[in-house]
There are 2 protein chains.
Amino acid sequence: MISIAFDLLGGDKAPEETVRGLVLAMETRSDFITYAVATKDVFDRYQKILNPFLSSGRLKEITCENVFEMDDEPVKAWKEKKGSNLHKMVDLVNEGFASGCISLGSTGGCLVAGTLGIGRLKGIERPAIGVLLPSKQGGFLLIDAGANVDVKPKNILDFARMGSVYMKFLGFEDPSVGLFNVGEEKSKGDRLRQESYELLSRSDINFVGNMEGKDAFFGKCSILVCDGFIGNIFLKTTEGVSDYLRYEMRDAIRQSFMTRLGGMLLYPALARIVKRADYSNYGAAPLLGVKKVFLIGHGRSGRIAAKNAILQTVKLCSENLIEKVKIVGES
Amino acid sequence: MISIAFDLLGGDKAPEETVRGLVLAMETRSDFITYAVATKDVFDRYQKILNPFLSSGRLKEITCENVFEMDDEPVKAWKEKKGSNLHKMVDLVNEGFASGCISLGSTGGCLVAGTLGIGRLKGIERPAIGVLLPSKQGGFLLIDAGANVDVKPKNILDFARMGSVYMKFLGFEDPSVGLFNVGEEKSKGDRLRQESYELLSRSDINFVGNMEGKDAFFGKCSILVCDGFIGNIFLKTTEGVSDYLRYEMRDAIRQSFMTRLGGMLLYPALARIVKRADYSNYGAAPLLGVKKVFLIGHGRSGRIAAKNAILQTVKLCSENLIEKVKIVGES
């Protein structure tokens, strides 16, 4: 049976939503064991709802003393906060108790925990975060979504190759890779973009050239590859624009009786868009290039998103994602 | 009377929409003269509707032989296509016939025409494009939106100062400047961001620290300053997400009789959002840091956007924007 480690203290809505999410996940699927990490008070508080899983042996409580906070400087905190939730989670993986792990906590903390605590796969210099976003063609993967601020062309190539493995794993056939740039022509962008273009062209992936941000939403590629600085800006802009338009929409609906009625009639269809565009529904983001399955969930996740993220971790572990990513570093 | 130069051949919908836009502009305001640049066949084709303005002396036809195309490599085309629409437009400004100019054409072409053809203001190493975007607080300026791929901290400071001048000119009191970065903390981002942060902190502008893309939409700053690579990506992502959500919305409305009815009731309110978010309604983008008023309109502009852009050029010329921007380079 697959075992995973889950950080109950990560995310803006922890521990309430992480505990509820875990319960939902364990109710949905009964073929995995969870090592849940939290401070003692959390286990005490939720004792009643966790008890059935404890007694059946499907849940193991792992107590930590220290907590990684959202505003901790990641590398410093990693050195100083020994025995934190993230340290415990990583220990469970490294010591073989869990096949993989998941936290909805600070992205910076998870990155450090993944790269320093679990370690990189042979041949992969820079692990990268892959985030799935919606598109007209069923979605695309943004990689790197924020792990690496300064990168080299070789790293971009690794991101593209790991992204291809991940998308194939998710069922996308021969996924196409676009290089995130400011125009389509080969000569566009700075030196990093131009050199990456060359490397990608000569590689074995399905490279379809330079791509602008808007193209990906309209399905022109399955993978949008970039450095983590651009990736992070793209992700946050996407989130910002969606939030802003949603705010404007709410405002528009409230204007009069007629618009309220209109909003009510449209509600189910609108809710579907919001759901599709909301990336807490898109599951957690894998940190690709480390030795074990490591997922980073969205900090805003509620219990449903937490449940999905946990089940996704189980799936990636049981279908052995790492064996497939490993090949990227080895070839 | 103010005279401006207008490139009838720029933009995806030229010359039909540029000619119609010009007519609308001249009908709206009668206190300016336009030097319109186009090939002879365009003037022949629209002779009838342009004639009244020609005979009143408010319109001057300037014929060009060559045309700057969207896919021309800008610097190369600027050297080789002497006598093009952009060359003629720039000549009109340089020879004192027009106080400023406007094109909806290739951004790259306009950039080269502005910086090489018209020239930089003393003390400004890199002119930058400022684009107004909507926000909860009435709008914010993104600068540089795409003129400079590689920049130094000093350039970022100039962008911020020119942006401040422009926003004051538009009526924003003591406009706040945010540095576009991947997090709020001072230590965030790469070296360029960190050094720019230092320079901005010590300057005379109203610097409010690092800002993420989403913050600007919610009115946390009036100016979002960045290099042109990030600016361009931000702009295109914004456009991409809006287009995508609009597409999803249309799809949602078409689903059933009830959703269609809902869409109809909501229509006026929705149209207002679309209008507010559509940056062809936000007017053209000034190229700040060159010696004369130079506006670059959105390539997708229809006649209304073209009209607005022309009237905006007249306003910037008549209220002497350049005298105010000049001070940035001189101090």
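The values are calculated or read from the model by the stated rules, or taken from the named source; none is laboratory data. No experiment lies behind these values; they were computed from the predicted model shown. Virtual Cβ from ideal backbone geometry, glycine too; neighbours counted across all protein chains shown.
Of all residues in the range B:129-162, count the ones that are over 12 Å from residue B:230 (Cβ atoms) and in a strand (DSSP E or B).
Qualifying residue count, the range B:129-162: 7.
Please verify whether residue A:139 is under 17 Å from the mean Cα position of the chain (by Cα) and at positive phi, treating the condition exactly as stated.
In short, yes.
Taking the options B:150, B:144, name whichever one is within 14 Å of chain A (Cβ to nearest Cβ) and either β-branched (Val, Ile, Thr) or surrounded by fewer than 19 Cβ atoms within 10 Å (Cβ to Cβ) (or both).
Within the list B:150, B:144, the selection yields B:150.
Scan the range B:41-57 and give yes if some residue there is of a type outside the set (Phe, Trp, Tyr), closer than 30 Å to residue A:183 by Cα and surrounded by 14 or more Cβ atoms within 10 Å (Cβ to Cβ), otherwise no.
yes
For the range B:62-76, which positions are buried (at least 18 other Cβ atoms within 10 Å of the Cβ) and away from every other protein chain (no Cβ under 14 Å)?
Listed by number, the residues that qualify are B:62, B:64, B:67, B:68.
Of the residues that make up the range A:246-260, is at least one among the hydrophobic types (A, V, I, L, M, F, W, C) and touching a Ser or Thr at 6+ places or on another chain (Cβ under 8 Å)?
yes
Is there any pair with a first residue in the range A:233-247 that is over 20 Å from residue B:229 (Cα atoms) and more than 7 Å from chain B (Cβ to nearest Cβ) and a second that is assigned to a helix (DSSP H, G or I) and aliphatic (A, V, I, L, M) whose Cβ atoms are under 9 Å apart and which are 6 or more apart or on different chains, and what are they?
A:246/A:274; A:246/A:277; A:246/B:245
Quick one: how many residues across the range A:221-266 are hydroxyl-bearing (Ser, Thr, Tyr) and surrounded by fewer than 15 Cβ atoms within 10 Å (Cβ to Cβ)?
2
What do you reckon, is residue A:10 out of contact with any Lys or Arg (no Cβ under 7 Å at 6 or more places or on another chain) and more than 20 Å from residue A:295 (Cβ to Cβ)?
no
With the requirement that a residue be surrounded by 15 or more Cβ atoms within 10 Å (Cβ to Cβ), among the polar types (S, T, N, Q) and not in a loop (DSSP other than H, G, I, E, B), what does the range B:180-208 give you?
If the condition is that a residue be surrounded by 15 or more Cβ atoms within 10 Å (Cβ to Cβ), among the polar types (S, T, N, Q) and not in a loop (DSSP other than H, G, I, E, B), then B:194, B:196, B:206 are the ones that fit.
Only helices (runs of 4 or more DSSP H) wholly contained in the range B:226-327 count here; list those with 3 or more residues that are charged (D, E, K, R) and at pLDDT 85 or above.
Counting at least 3 such residues, we get B:303-318.
Of the numbered conditions (1) among the hydrophobic types (A, V, I, L, M, F, W, C); (2) away from chain B (no Cβ under 14 Å); (3) under 23 Å from the mean Cα position of the chain (by Cα), residue A:208 fails exactly one; give the number of that condition.
Single failed check for residue A:208: (3).
Inspect the range A:53-73 for any residue being over 20 Å from residue A:283 (Cβ atoms), among the β-branched types (Val, Ile, Thr) and assigned to a helix (DSSP H, G or I) and give the result as yes or no.
No, the range A:53-73 has no match at all.
Each row is one residue, and each column tells you yes or no for (1) in contact with a helix residue (DSSP H, G or I) (Cβ under 6 Å, 6 or more places away or on another chain); (2) modelled with pLDDT under 95.
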residue	(1), (2)
A:2	yes, no
A:9	yes, no
A:19	no, no
A:26	yes, no
A:64	yes, no
A:70	no, yes
A:73	no, yes
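Output the number of residues of the range B:215-232 satisfying the condition of being touching a helix residue (DSSP H, G or I) at 6+ places or on another chain (Cβ under 6 Å) and either among the basic types (Lys, Arg) or more than 8 Å from chain A (Cβ to nearest Cβ) (or both).
Qualifying residue count for the region: 4.
Against the conditions (1) more than 14 Å from chain B (Cβ to nearest Cβ); (2) on the phi > 0 side of the Ramachandran plot; (3) over 18 Å from the mean Cα position of the chain (by Cα), where does residue A:189 fall short? Just the number, please.
(1)
Residue A:202 is checked against (1) of a type in the set (Lys, Arg); (2) out of contact with any strand residue (DSSP E or B) (no Cβ under 9 Å at 6 or more places or on another chain); (3) facing another protein chain (nearest Cβ under 9 Å) and fails just one. What number does that condition carry?
Looking at each condition in turn, residue A:202 falls short on (3).
Using the structure shown, decide if residue B:175 is over 20 Å from the mean Cα position of the chain (by Cα) and in the same structural domain as residue B:196 (by TED's automatic domain parsing).
So residue B:175 fails the test.
Filtering the range B:116-131 down to residues that are in contact with a strand residue (DSSP E or B) (Cβ under 7 Å, 6 or more places away or on another chain) and buried (at least 20 other Cβ atoms within 10 Å of the Cβ), which residue is farthest from residue B:158 (Cα to Cα)?
Once the filter is applied, the top-ranked residue is B:118.
So how many residues does the range B:77-108 have that are more than 14 Å from every other protein chain (Cβ to nearest Cβ) and either β-branched (Val, Ile, Thr) or assigned to a loop (DSSP other than H, G, I, E, B) (or both)?
13
Right, residue A:124: hydrophobic (A, V, I, L, M, F, W, C), at pLDDT 95 or above and in a strand (DSSP E or B) or not?
No, not satisfied.
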